[in-house]
Amino acid sequence: MYTARGTIDKSHLIEEYLPIVRRIAVQMMARLPASVELDDLIQAGRIGLLDAWSRFQEDAAASFETFASQRIRGAMLDELRAMDWAPRRVRQSAREVERAIQAAAHRAGRAPSEADIAAEMKITLAQYHEQLLKIQGCQLVYAEDLQHEDADRSVFDQRADAGEDGGGDPVRILLTGEFRQRLAAAISQLPEREAQVLSLHYDDEMNMREIGSILEVSPSRASQLHNQAIARLRASLQELL
């Protein structure tokens, strides 16, 4: 729709696609600490929506809704980074879990159990479960995660310039080639219940309360299984990253 001056009516655009913005924000909130405000994510998502509208080309292969969803999610992640929502200690705890998973897997020669991981960290199983809840949301992957410590540019930038894996599109880089194959392989190695949690959450878009009802566990236990699954995936992909 257009205004009387012939310009795009952006208020109509936001009204039409606000349900998508809100849905993405609610999905993301399920993996974030309670200190993050839903309204802040929605506001960032609106900015991403307007950015998507200005950049979208009608002859693009993807639909506007698909393109906008990527921009909306990206804008929300940018907002999270700007507010520095996860304390450094919490991020360190997430890395400790990932390192313990790697070490326990190497020692056992298989996917480690929760007891194996807790033993590797030299803490009780109850303490490990508590730590899993504390690191919720810290496993979000940023471009800076995908680079070596001595590199000044992310792997996305480097491959985009080289024209690798998807013609310079960062999303295509993630969804094609070795990274996708290794991610699929890592998911296939997850314990059954953790794989089920990921499927219900990301494919069926269920929240932790709904997942807990299906698995007959508490919502907090569903969150623990989710966070542990993400930590396993990150640990499996570390050498590739």
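Confirm whether Ile123 is more than 21 Å from Gln238 (Cα to Cα) and in a loop (DSSP other than H, G, I, E, B).
yes
Please verify whether Ala151 is modelled with pLDDT under 85 and within 22 Å of Ala75 (Cβ to Cβ), treating the condition exactly as stated. Steps first, answer last, please.
Working: modelled with pLDDT under 85: yes; within 22 Å of Ala75 (Cβ to Cβ): no.
No.
Look through region 154-170, keep the residues that are touching a helix residue (DSSP H, G or I) at 6+ places or on another chain (Cβ under 6 Å) and not in a loop (DSSP other than H, G, I, E, B), and return whichever of them is modelled with the highest pLDDT.
As a first pass, look at region 154-170 and keep what is touching a helix residue (DSSP H, G or I) at 6+ places or on another chain (Cβ under 6 Å): 154, 156, 159, 165-166, 168, 170.
Okay, now just the ones that are also not in a loop (DSSP other than H, G, I, E, B), so 156, 159, 170.
Working: Phe156: 44, Arg159: 47, Pro170: 55.
If we take residues in region 154-170 being touching a helix residue (DSSP H, G or I) at 6+ places or on another chain (Cβ under 6 Å) and not in a loop (DSSP other than H, G, I, E, B), then Pro170 is modelled with the highest pLDDT.
Looking for something modelled with pLDDT under 90, assigned to a loop (DSSP other than H, G, I, E, B), closer than 27 Å to Gln181 by Cα and within 18 Å of the chain's Cα centre (by Cα) - is there at least one such residue anywhere in region 225-235?
No, region 225-235 contains no residue that is modelled with pLDDT under 90, assigned to a loop (DSSP other than H, G, I, E, B), closer than 27 Å to Gln181 by Cα and within 18 Å of the chain's Cα centre (by Cα).
Report, by residue number, each residue of region 178-220 that is without any contact (Cβ under 8 Å) to a residue 60 or more places away in the chain, among the polar types (S, T, N, Q) and not in a helix (DSSP H, G or I).
Ser218
Looking only at region 23-39, which residues are surrounded by fewer than 16 Cβ atoms within 10 Å (Cβ to Cβ) and modelled with pLDDT of 85 or more?
Answer for region 23-39, where residues must be surrounded by fewer than 16 Cβ atoms within 10 Å (Cβ to Cβ) and modelled with pLDDT of 85 or more: Arg23, Val26, Leu38, Asp39.
Just to check your reading of the model, which residue among Ala186, Ala231 is farther than 18 Å from His129 by Cα and crowded, with 16+ Cβ neighbours inside 10 Å?
It is Ala186.
Can you list residue pairs whose Cβ atoms sit under 6 Å apart, with the first residue in region 221-236 being within 16 Å of Glu210 (Cα to Cα) and the second being surrounded by fewer than 24 Cβ atoms within 10 Å (Cβ to Cβ) and small (Gly, Ala, Ser)? Count only pairs 6 or more apart in sequence or on different chains.
Listed by first residue and then by second, the contacts come to Ala222/Gly212.
Which of the residues belonging to region 195-222 are of a type outside the set (A, V, I, L, M, F, W, C) and buried (at least 21 other Cβ atoms within 10 Å of the Cβ)?
His201
The values are calculated or read from the model by the stated rules, or taken from the named source; none is laboratory data. This one's a predicted model, so the numbers in the text were calculated from it and none came from an experiment. Cβ atoms come from the backbone with ideal geometry, glycine included; neighbour counts cover every protein chain shown.
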